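K.L.:
There's a structure below that I have some questions on.
Please treat every number below as a calculation from the coordinates, not as lab data. Computed from a prediction, not measured in an experiment: that's the story for all the values here. A quick note on method: Cβ atoms are made from the backbone with ideal geometry, for glycine too, and the neighbour counts reach across all protein chains shown.
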């Protein structure tokens, strides 16, 4: 099937793609088989029930398709998407990601909001635990930042934990990031990430194969993971327990012939079981973003080398007359072990608590320190 470039898809054509997608019981694989056989959603949806059954569609589904039952909900989704600024990118659209076409079961179409041009960028996925350690969160954010600074678009699932840290790191570097939803783009999950989703819609890209209004059902997220890996040149696992979604994504990446990277962790920590196991099985060990970039395919590295992205300038530890206190604070704080404020006050007795809090605020503003729940602090990973 040829690609459509100019002019853009008509509203009627998009409506037929949506109607095909939203036919209950059809399924992505069967829909793609029909598209490959008949060439267009219009031709498929003009078939009668007998012809559809002959093409392998279940009788009840064939009757529903022949009766045009999915057009009304499809029209509703199309209208709501227009109001929200959501673009529909079906399989035949030239903007549909080339890497995603390669996988066994590519989505019939993508709903996208934001910088659609990122779908053609060099992408790397960062995935991991929803309940990361301070170490894991720091590593994910730093890798997201450094990859974005190198011109890589960071892909993740906007879940709490490692996903959120990776997106934030990419945004901090003013780079590209793509959040792949396991629900409709109008359903923010988790709800606490609403502000992050709004920022990614402005500065990056939100994407989903699920129609608007689709809730975040648990079974949707493993389905979503094949898109995260499918978009990417490689998948980086930062933390994950023995039976975790991040390991599922890594297995999908292997099935899709993608590179798999893993960040080593403490062998006594359950959160490190996943990446340590992947390294044992042959995944590329990651100590820096450079390890990831060097481990990508030749064409991806060639594309990145042509972009000539400059690294972000280094932030000072703290400004003004209290700069020396800031340096002292940074010597006490660690990347992987939160230090409670009370202990920090005791460790630096010659500085008043009010001065120390002011310096900590400056360090947070400079991106050198992060405050964690319980008035504890960690140092942000930097060279």
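K.L.:
Under a 10 Å cutoff between Cα atoms, tell me which one of 19, 172, 55 has the largest fluctuation in the Gaussian network model of the chain.
P.N.:
Maximum fluctuation in the GNM of the chain, among the listed residues, is at 55.
K.L.:
If packing is taken as the average number of other Cβ atoms within 10 Å across a peptide's residues, how do 365-376, 79-90 rank, most packed first?
P.N.:
79-90, 365-376
K.L.:
At 10 °C and 1.306 mPa s, what whole-number value in µm²/s does Stokes-Einstein give for the translational diffusion of the range 116-307, with Rh from the Kirkwood sum over Cα pairs? Mind showing how you got there, number by number?
P.N.:
Working: Rh = 16.0 Å.
Here the translational diffusion coefficient equals 99 µm²/s.
K.L.:
Only helical DSSP H runs with n ≥ 4 go in: add -39500 (n - 2.57) per run for the chain, normalise by residue count and round the 222 nm mean residue ellipticity to 500 deg cm²/dmol.
P.N.:
Working: 18 runs with 175 residues, N = 383.
Only helices count here, giving -13500 deg cm²/dmol.
K.L.:
Ok, one more. With both bridge residues required to lie in the range 70-187, what share of the DSSP beta bridges run antiparallel, to the nearest 5%?
P.N.:
On the way: 4 of 10 bridges.
The antiparallel proportion sits near 40 percent.
K.L.:
As an exercise, use a Förster radius of 45 Å and the Cβ-Cβ distance of residue 50 and residue 219 to find the FRET efficiency, rounded to the nearest 0.05.
P.N.:
Details: r = 32 Å, r/R0 = 0.72.
Efficiency computed from Cβ-Cβ geometry: 0.90.
K.L.:
Additional query: Express as a percent, rounded to the nearest 5, the fraction of DSSP beta bridges in the chain (both residues included) that run antiparallel. Please report the intermediate quantities before stating the final value.
P.N.:
Values: 14 of 34 bridges.
Counting only bridges with both partners in the chain, antiparallel ones make up about 40 percent.
K.L.:
Taking the Cα atoms only, what angle lies between the long axis of helix 323-332 and the longest principal axis of the chain, rounded to 10 degrees?
P.N.:
Result, in degrees: 70.
K.L.:
Given q = 0.14 Å⁻¹, what are the Debye log10 I(q)/I(0) values for the chain, with equal point scatterers placed on the Cα positions and solvent ignored?
P.N.:
-1.16
K.L.:
Using a Gaussian network model of the chain whose springs link C-alpha atoms within less than 10 Å, name the residue from 60, 112, 283 with the highest mean-square fluctuation.
P.N.:
60
K.L.:
Of the DSSP beta bridges with both residues in the range 116-307, give the percent that are antiparallel, rounding to the nearest 5.
P.N.:
0
K.L.:
Could you work out how far apart the two model spin labels at residue 202 and residue 277 are, taking each label as a point 7 Å from the Cα in the direction of the beta carbon, and quote it in nm?
P.N.:
4.1
K.L.:
What is the Cα convex hull volume of the range 320-379 when expressed per residue in Å³?
P.N.:
Residue-normalised Cα hull volume stands at 74 Å³.
K.L.:
Given a Förster distance of 51 angstrom, what is the FRET efficiency for residue 67 paired with residue 336, based on the Cβ-Cβ distance and rounded to 0.05?
P.N.:
Approximately 0.30, to the nearest 0.05.
K.L.:
Compute the distance in nm between two label points, each set 7 Å from the Cα along the Cα-to-Cβ direction, one at residue 75 and one at residue 40.
P.N.:
Going by the 7 Å Cα→Cβ label model, 2.0 nm.
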